[in-house]
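The values are calculated or read from the model by the stated rules, or taken from the named source; none is laboratory data. What you see is a predicted model, and the numbers here were worked out from it, not measured in a lab. Here the Cβ positions follow ideal geometry from the backbone for every residue, glycine too, while neighbour counts run over all protein chains shown.
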Amino acid sequence: MEETIELRELIETIWKGKWIIAGLTVLFMVAAAIISLFVLPEKFESKATVQVASEVQDTGIMSSYVAAEFTPNIFSQRIQNVQLMNEGLEENDIQAEFRAADLSATIQSNTDLIDLKYTSTSAEKAKQYLELFIDKTKDRMNTSVKNTLNQLEETYSSEAEQLSGEIEGIVEKYNRLVVSNGLPDILMMQTMVNSQIILSVEDSQLDGLTKVNGKLHNELMQMQAEIESKSTEYRNVLDKYQSVKTGLDSFRPDPFIRVIVEPTLPESPASPNKTLNVAIAMVIGLMAGVGIVFFREYWKNSAPTTASRNNAGKIQS
């Protein structure tokens, strides 16, 4: 016959071992309370909300560079960078070490808002350090954009210098061609203006213009077109250079990074949760006690009786 376990037997077994279950449960709860109160360190959690939005201000030519740096993802990665945050602590003469596990940065879905949480051994440190980390991140993002703009400024300056040299070379070549062919000086003026002008021309100058044949005319026109093209390119580069330089001098991370909710000063520790720890210990104690009681009952029932041992001895003899 198959053995069946009646509910009554289960209850009776548990009742027999009630003191074991109760004692083990109390033991686990007391141990959890002692560990929570005297062993586990208290951790305080400061919270803040930051907005990172690169489109809040029209930055002209710099917009693409600003947009590439000032994003919620970049901010989250930088503020959780161990080396960068340790630099911030050292700069403020704080003898502490940043741990990435103590800071969390969660980007709110479909927004440019970031929820920040930082835990420390004291409420004041949690608030102070979170403020420091936010400022250090803003400063590094600001520096990153400025470095990029400095490189851009140097590039435009180099391009402008190169174009200026090319224009000088073409103008010099043009003027030499005018002089060597005995052409009037009025032709040199055409290299300094990009529009037609009306001047009174003397007879001697008209005689000089008659020396311009088709080949020379084409060569002069080609040089004038090249000078005008290079001059237009030079002006465009100068405009970009000036735009970058002006933006660089006035650039600040605000309002691209705004602290919507300032770091809070925790009023009570976030961990350990003493009540939760004791409750968990109570459940574990109950389970352990019930397990021991049933194991004891099983061991008692499975032990061989005296009669069975005697019968086993007779069979062997």
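Quick look at the values:
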| item | result |
| --- | --- |
| Residues located in the range 88-144, provided they are among the small types (G, A, S) and in contact (Cβ under 8 Å) with a residue 60 or more places away in the chain | S120, S122, A123, A126, S144 |
| Of the criteria (1) surrounded by 13 or more Cβ atoms within 10 Å (Cβ to Cβ); (2) over 25 Å from G165 (Cβ atoms), which one D249 fails | (1) |
| Candidate set: the range 121-166, residues that are hydroxyl-bearing (S, T, Y) and under 17 Å from E262 (Cα atoms); chosen: the one surrounded by the fewest Cβ atoms within 10 Å (Cβ to Cβ) | Y129 |
| Residues (without any contact (Cβ under 8 Å) to a residue 60 or more places away in the chain and not small (G, A, S)) located in the range 234-253 | R235, N236, D239, Q242, T246, D249 |
| Which numbered condition N81 fails, given (1) closer than 29 Å to N218 by Cα; (2) surrounded by 12 or more Cβ atoms within 10 Å (Cβ to Cβ); (3) not aliphatic (A, V, I, L, M) | (1) |
| Matching residues in the range 149-188 - criterion: being modelled with pLDDT of 85 or more and among the hydroxyl-bearing types (S, T, Y) | T155, Y156, S157, S158, S164 |
| Some residue of the range 191-200 being touching a Leu at 6+ places or on another chain (Cβ under 7 Å) and either at pLDDT below 90 or of a type in the set (A, V, I, L, M, F, W, C) (or both) | no |
| Subset tally (residues that are out of contact with any helix residue (DSSP H, G or I) (no Cβ under 7 Å at 6 or more places or on another chain) and modelled with pLDDT under 90) for the range 138-148 | 3 |
| Filtered residues of the range 209-252 (kept if at pLDDT 85 or above and among the acidic types (D, E)) | E226, E228, E233, D239 |
| Matching residues, the range 88-97, being more than 16 Å from the chain's Cα centre (by Cα) and surrounded by 15 or more Cβ atoms within 10 Å (Cβ to Cβ) | L89, I94 |
| Residue, farthest from F44 (Cα to Cα), within the range 110-120, restricted to residues that are under 17 Å from the mean Cα position of the chain (by Cα) and surrounded by 21 or more Cβ atoms within 10 Å (Cβ to Cβ) | I114 |
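Residue by residue, here is whether (1) under 26 Å from E12 (Cα atoms); (2) of a type in the set (A, V, I, L, M); (3) in a helix (DSSP H, G or I) holds:
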{"position": "T232", "(1), (2), (3)": "no, no, yes"}
{"position": "K240", "(1), (2), (3)": "no, no, yes"}
{"position": "T246", "(1), (2), (3)": "no, no, yes"}
{"position": "D254", "(1), (2), (3)": "no, no, no"}
{"position": "L265", "(1), (2), (3)": "no, yes, no"}
{"position": "L276", "(1), (2), (3)": "no, yes, yes"}
{"position": "V290", "(1), (2), (3)": "yes, yes, yes"}
{"position": "F295", "(1), (2), (3)": "yes, no, yes"}
